[in-house]
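Reviewing the structure listed below.
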Amino acid sequence: MDIKPILSSLRRSPTGALLVALQIALALAIAVNSLFIIVQRLELLNRDHGVDVENTFVVSWVPVAGRFAGEPAMREDLQVLAGLPGVVAATTVNAVPLSGGGSSTSLYTQPGEKGQRGDINYFAVTERGIEAFGLELVEGRNFDATTVRKLPRNGSEFVPEVILTRAAAKELFKDEPAVGRTVYDSLGQPATVVGIVAGMIGSWPSWDQAGNVALFPVIADEQQARYFVRALPGRRDAAMKAAEDALGRIDNGRVILRVRPLDYIAASTYADDQAMTVYLAVVIALLLGVAALGIFGLASFNVGARTKQIGTRRAVGARRLDIVRHFLVENWLVTTAGVVVGCVLALLLGLWLSETFELPRLKLYYLVAGALVLWGVSLAAALVPARRAARVSPAVATRTV
Amino acid sequence: MLEMQNVTKAYRTDLLETHALREFSLKVEKGEFVAVTGPSGSGKTTFLNVAGLLETFDSGSYRLDGEDVSRLGDDARSQVRNRRIGFIFQSFNLIPDLDVFDNVDVPLRYRRLPAAERRERIDAALELVGLASRRKHLPSQLSGGQQQRVAIARALAGDPALLLADEPTGNLDSLMARQVLDLLEQINEMGTTIVMVTHDPELARRAHRNVQVIDGQVTDYKPYEPSSATVTPLHPAVAGGASRA
Ligand SMILES: Nc1ncnc2c1ncn2[C@@H]1O[C@H](COP(=O)(O)OP(=O)(O)OP(=O)(O)O)[C@@H](O)[C@H]1O
Ligand SMILES: [Mg+2]
């Protein structure tokens, strides 16, 4: 190949080539890490959330002081909701999954804050909770309806039964079977694990233990209670309308505030992630665009500055293709130098990001993909100037002084 | 070697049409050393470009080494230039970023010769022009005469049948010019046909034959007489122009 003479001429006038190579290196390092972050965010957004996000909605309300009857009123509302056409199940909740707000507690495998400890995001639900969330019970059983009750406000009473997600069970009991085992709260009060659900993302989707969730058989306190309702697929919007109307017709001492679909609530929790994704995608596009411009500029400049040389090469026997190839090889060498340095920079940047922000390490195949993309971009950007070079007439050799 | 019959070539721009060659006919035999003279703008360079397949022409016929080359495609023309023609330019046209060795190597690479053969040819050509010791020098580190000798080595390394030179001494002082001409004579004696455009009547006189171009046509055309190197008398109009140059 013609690499040797091209390399030696690059070595003799390196400034422009070095600047463009540096630009390519920075573009690669930043673009690859941005892409990696984007993909992680998208994985977060698109993972299985366990909860039936598309078909559920939340009714929020406030009790009117002195007129609200407590548990009987909530039971009445739940019954009305469950009876609506297209509704599968309804439960009270103390917090809404994927909303960014919720409660967590520490559970232990032995009393006295001993044994294995797990930080668990818990939801107070009725015996219809699993159904209302749309979860899959994979082991054990649902709550015994008689255990579901309202706990005294400001009390420290624990529940008799809990249902754990697989992730929470693993946190507490490793790979041992969890059903039938006992967990303890920080006061040492016991509860039996009666069932395991496949998986569910709790209140804080970007928490790295967002899947450590427990369900407690509790009617949430009216100060924080909301109704969580699941409709049949495709019938959520109609069910929301019906819920609003039906609850509005009953006067049992509470005021309905809002009826909102869960996907709307989740989307606003994820808004920052989504904005970050778009922002980084724009950054990548700009970096690639600027790198392409740099390559195009350097190649165009070289073609313009070397018209006589190109004419001479043509005169002594270069075909048009040889000229195109000359510029593409030269450009490829510059790009490759940039890519090599860029890979090193990308790894260093990735290392720093993962250590500073506790992110996973950059996967190596992102580097491969980034290098391929930059090679492609650089080839495309150099093609137009290279073809312009090929059109230089060999007569330029005798006509140019 | 070279046979042009009634070749015409016009340059057209939006505003005007310049007839650079009109009914241009010339025959150069194998082994000849022909000097082409003529006033500025008479079409000498145009003739040389057509002869060297750097430019196409409008009508007429051109046979190079017995082969009709008027209808060759672009790649085929490149190949003819590469293998059968050597060019020497007024301003040397060396590639400034390449050293002497790599400059001579340029046409050989386009010919895809194996490295060993290229090296042999380059060494021989540099030996011939007396620059074997300068192979690692850049053009900017050489004198004008040395640069032109590198260019001659580049033209010769491909072992061409025809050497075309456009004012090869135009940028050199008279001593260097004489050295370059000595070299060309030596090359011609080794069998290479040379066609050289020059303004210098003294240099022209050293060729076997002089051809005058005036207004895109050959005047005082005299076929080659191998027995004696003849010099055609200069056209009065040209003699003045030549002495000014
Ligand atoms: N690319 C071009 N476009 C238009 N006209 C051209 C072009 N090249 C040459 N000409 C014209 O063609 C004519 C012949 O030019 P040419 O360069 O062959 O002359 P020349 O004999 O080599 O002159 P000189 O001794 O000054 O080098 C001139 O009138 C010139 O202006
Ligand atoms: Mg000329």
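The values are calculated or read from the model by the stated rules, or taken from the named source; none is laboratory data. Quick caveat: nothing in here was measured; it's all calculated off a predicted structure. Using ideal geometry, Cβ is built from the backbone for each residue, glycine included, and neighbour counts are taken over all protein chains shown.
Within region B:154-172, take every residue that is touching an Asp or Glu at 6+ places or on another chain (Cβ under 9 Å) and aliphatic (A, V, I, L, M) and give me the one that is nearest to ligand 2 (Cβ to nearest atom).
Filtering first and then ranking leaves B:162.
Condition first: of a type in the set (S, T, N, Q), under 14 Å from the mean Cα position of the chain (by Cα) and either within 6 Å of ligand 1 (Cβ to nearest atom) or more than 14 Å from chain A (Cβ to nearest Cβ) (or both). Now tell me which residues in region B:34-49 satisfy that.
Going through region B:34-49, the residues of a type in the set (S, T, N, Q) turn out to be B:37, B:40, B:42, B:45-46, B:49.
Narrowing further to those that are under 14 Å from the mean Cα position of the chain (by Cα): B:37, B:45-46, B:49.
Scanning region B:34-49 gives B:37, B:45, B:46.
Of everything in region B:98-122 that's surrounded by fewer than 16 Cβ atoms within 10 Å (Cβ to Cβ) and not hydrophobic (A, V, I, L, M, F, W, C), which residue is nearest to the other protein chains (Cβ to nearest Cβ)?
Checking each candidate, the answer is B:112.
Rundown of residues vs (1) outside any loop (DSSP other than H, G, I, E, B); (2) assigned by TED's automatic domain parsing to the domain that holds residue A:90; (3) at pLDDT 95 or above; (4) within 30 Å of the chain's Cα centre (by Cα), yes/no style:
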| site | (1), (2), (3), (4) |
| --- | --- |
| A:210 | no, yes, no, yes |
| A:217 | yes, yes, yes, no |
| A:222 | no, yes, no, no |
| A:239 | yes, yes, yes, yes |
| A:281 | yes, no, yes, yes |
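Name, by its number, the condition in (1) at the interface with chain A (Cβ under 8 Å from one of its Cβ atoms); (2) among the aromatic types (Phe, Trp, Tyr); (3) more than 16 Å from ligand 1 (Cβ to nearest atom) that does not hold for residue B:89.
(3)
Please find, within region B:185-211, the residue that is farthest from residue B:147 (Cα to Cα) out of those that are buried (at least 23 other Cβ atoms within 10 Å of the Cβ) and not polar (S, T, N, Q).
B:211
When you go through (1) out of contact with any strand residue (DSSP E or B) (no Cβ under 6 Å at 6 or more places or on another chain); (2) assigned to a helix (DSSP H, G or I) one by one for residue B:56, which number turns out not to apply?
The single condition residue B:56 does not satisfy is (2).
Can we say residue B:35 is touching a His at 6+ places or on another chain (Cβ under 6 Å) and either part of a strand (DSSP E or B) or β-branched (Val, Ile, Thr) (or both)?
Details: touching a His at 6+ places or on another chain (Cβ under 6 Å): no; either part of a strand (DSSP E or B) or β-branched (Val, Ile, Thr) (or both): yes.
Spelling it out, it is not the case that residue B:35 is touching a His at 6+ places or on another chain (Cβ under 6 Å) and either part of a strand (DSSP E or B) or β-branched (Val, Ile, Thr) (or both).
Could you grab me the full set of residues in region B:137-152 that are within 12 Å of chain A (Cβ to nearest Cβ) and closer than 14 Å to residue B:187 by Cα?
B:151
Return only the number of the condition from (1) surrounded by 14 or more Cβ atoms within 10 Å (Cβ to Cβ); (2) touching a helix residue (DSSP H, G or I) at 6+ places or on another chain (Cβ under 8 Å) that residue A:224 does not satisfy.
Every condition holds for residue A:224 apart from (2).
Somewhere in region A:37-54, is a residue in a helix (DSSP H, G or I), in contact with a Phe, Trp or Tyr (Cβ under 7 Å, 6 or more places away or on another chain) and crowded, with 19+ Cβ neighbours inside 10 Å? Walk me through how you get there before you give the answer.
Narrowing region A:37-54 to residues in a helix (DSSP H, G or I): A:37-46, A:53-54.
Filter once more, so that each one left must be in contact with a Phe, Trp or Tyr (Cβ under 7 Å, 6 or more places away or on another chain): A:45.
Next cut, crowded, with 19+ Cβ neighbours inside 10 Å only: none.
No; the residues of region A:37-54 include none that is in a helix (DSSP H, G or I), in contact with a Phe, Trp or Tyr (Cβ under 7 Å, 6 or more places away or on another chain) and crowded, with 19+ Cβ neighbours inside 10 Å.
Need the failing condition index for residue B:122 against (1) within 16 Å of ligand 1 (Cβ to nearest atom); (2) part of a helix (DSSP H, G or I); (3) touching a Leu at 6+ places or on another chain (Cβ under 8 Å), just the number.
Residue B:122 satisfies all of (1) within 16 Å of ligand 1 (Cβ to nearest atom); (2) part of a helix (DSSP H, G or I); (3) touching a Leu at 6+ places or on another chain (Cβ under 8 Å) except (1).
Among B:66, B:52, which is the only one that is out of contact with any helix residue (DSSP H, G or I) (no Cβ under 6 Å at 6 or more places or on another chain), surrounded by fewer than 17 Cβ atoms within 10 Å (Cβ to Cβ) and not hydrophobic (A, V, I, L, M, F, W, C)?
Just a single option satisfies the conditions, and that option is B:66.
Check whether at least one residue in region A:373-386 is within 14 Å of chain B (Cβ to nearest Cβ) and surrounded by 15 or more Cβ atoms within 10 Å (Cβ to Cβ), and report yes or no.
For region A:373-386, residues within 14 Å of chain B (Cβ to nearest Cβ) and surrounded by 15 or more Cβ atoms within 10 Å (Cβ to Cβ): absent.
So, of the residues in region B:37-64 that are among the charged types (D, E, K, R) and within 13 Å of ligand 2 (Cβ to nearest atom), which turns out to be nearest to residue B:219 (Cα to Cα)?
Among those that are among the charged types (D, E, K, R) and within 13 Å of ligand 2 (Cβ to nearest atom), it is B:44.
For region A:345-396, what are the residues that are touching an Asp or Glu at 6+ places or on another chain (Cβ under 9 Å) and either of a type in the set (Ser, Thr, Tyr) or within 16 Å of ligand 2 (Cβ to nearest atom) (or both)?
Residues satisfying the conditions are A:393, A:394, A:395.
Against the definition (within 14 Å of the chain's Cα centre (by Cα) and closer than 30 Å to residue B:117 by Cβ), how does residue B:183 come out, yes or no?
Yes.
List pairs: first in region B:1-16 and under 24 Å from residue B:161 (Cβ atoms), second assigned to a loop (DSSP other than H, G, I, E, B), Cβ under 7 Å, 6+ apart or cross-chain?
Between residues of region B:1-16 that are under 24 Å from residue B:161 (Cβ atoms) and residues that are assigned to a loop (DSSP other than H, G, I, E, B), the close pairs are B:1/B:29; B:1/B:30; B:1/B:65; B:1/B:161; B:7/B:57; B:9/B:57; B:9/B:58.
Anything in region A:303-326 that is touching a residue at least 12 places away in the same chain (Cβ under 8 Å) and away from chain B (no Cβ under 11 Å)? List them, or say none.
Those that are touching a residue at least 12 places away in the same chain (Cβ under 8 Å) and away from chain B (no Cβ under 11 Å): A:303, A:307, A:324.
If I ask for residues that are without any contact (Cβ under 8 Å) to a residue 40 or more places away in the chain and not in a helix (DSSP H, G or I), which ones from region A:71-89 would you list?
Correct list: A:83 only.
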